[in-house]
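Supplied in structure tokens, the structure appears directly below.
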Amino acid sequence: TGGAINDYIRQKSIVNSFSDNFFKSLINYEQFTTRHSPILISFLSIFEKIGADDSIIRLIYLHLCLLLPIFFFKCLKIKFEKIDKIIFIILISLIFISPTFRSLTIWPDSRILGLTFFTIGIYYFLKFEKERKLIFALNNIFFVALSSYISPNFCLFSLLFFFKFAIYFKFSKNIFLII
């Protein structure tokens, strides 16, 4: 789309600042005037600190984001058990045509990584709805929280999931674990 590379280049200076002096940069984060979460910036600064080549950083990020279509497929498989899996594969292949997906997976951005972790959270929620196991609820909370820290766009969904868990677990010890 053209905007991802410019955003990444601008973000790169913030990553370098975090790499040089993490605590000073974190404390003064609002001065950077970026819409990206400091979590992603911190993650990228670790690679910068160890001297990883920019291509390696982008390759690792690309592979993290490739979890999105995999978990989207798994979600569809759980939600629509009777539909032919070939239809899911065709549907998921459309993700790779999206210029936004392609550009935001090559040029690290908080939105696509947040969406990836959010999709993993949805997968665990669907598993919870099917099997009613606490571990799936806890995994959902972990991945939705992670997606919210990376891209705050997803934080409101945690209320929906909590509401569903509260209805199921009521006032048991499990609801206190979830809280």
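The values are calculated or read from the model by the stated rules, or taken from the named source; none is laboratory data. Predicted model, so just to flag it, every value in this text is computed and none were measured. All Cβ positions, even for glycine, are placed from backbone atoms using ideal geometry, and neighbour counts span all protein chains on display. For accessibility, only protein heavy atoms count, side chains too; no ligands or nucleic acids. Shrake-Rupley method; radii C 1.70, N 1.55, O 1.52, S 1.80 Å.
Of (1) touching a Pro at 6+ places or on another chain (Cβ under 9 Å); (2) within 30 Å of PHE136 (Cβ to Cβ); (3) touching a residue at least 12 places away in the same chain (Cβ under 8 Å), LYS74 satisfies all except one. Which?
(1)
Being within 16 Å of SER103 (Cα to Cα), within 18 Å of the chain's Cα centre (by Cα) and not hydrophobic (A, V, I, L, M, F, W, C) is the filter here, so list the residues in segment 42-70 that pass it.
ARG58, TYR61, HIS63, PRO69
Select from segment 19-41 the residues that are within 15 Å of the chain's Cα centre (by Cα) and open to solvent by less than 50 Å² (accessible area, probe 1.4 Å) and list them in ascending order.
The answer is HIS36, SER37, PRO38, LEU40, ILE41.
Looking at segment 139-164 only, could you name the residues that are in a helix (DSSP H, G or I), without any contact (Cβ under 8 Å) to a residue 60 or more places away in the chain and either open to solvent by 60 Å² or more (accessible area, probe 1.4 Å) or among the basic types (Lys, Arg) (or both)?
Those that are in a helix (DSSP H, G or I), without any contact (Cβ under 8 Å) to a residue 60 or more places away in the chain and either open to solvent by 60 Å² or more (accessible area, probe 1.4 Å) or among the basic types (Lys, Arg) (or both): PHE142, ASN153, PHE157, LEU159, LEU160, PHE162, PHE163, LYS164.
When only residues in segment 82-129 that are of a type in the set (Val, Ile, Thr) and surrounded by 18 or more Cβ atoms within 10 Å (Cβ to Cβ) count, which is nearest to HIS63 (Cα to Cα)?
Of everything passing the filter in segment 82-129, THR105 is nearest to HIS63 (Cα to Cα).
If we scan segment 80-92, do we find a residue that is without any contact (Cβ under 8 Å) to a residue 60 or more places away in the chain, part of a helix (DSSP H, G or I) and of a type in the set (Asp, Glu)?
no
Related question: Give segment 61-79 a look and list any residue that's crowded, with 19+ Cβ neighbours inside 10 Å and outside any helix (DSSP H, G or I), or say none.
Those that are crowded, with 19+ Cβ neighbours inside 10 Å and outside any helix (DSSP H, G or I): none in segment 61-79.
Within segment 3-18, can you find the residues that are within 22 Å of the chain's Cα centre (by Cα) and open to solvent by less than 60 Å² (accessible area, probe 1.4 Å)?
GLY3, ALA4, ASP7, TYR8, GLN11, LYS12, ILE14, VAL15, PHE18
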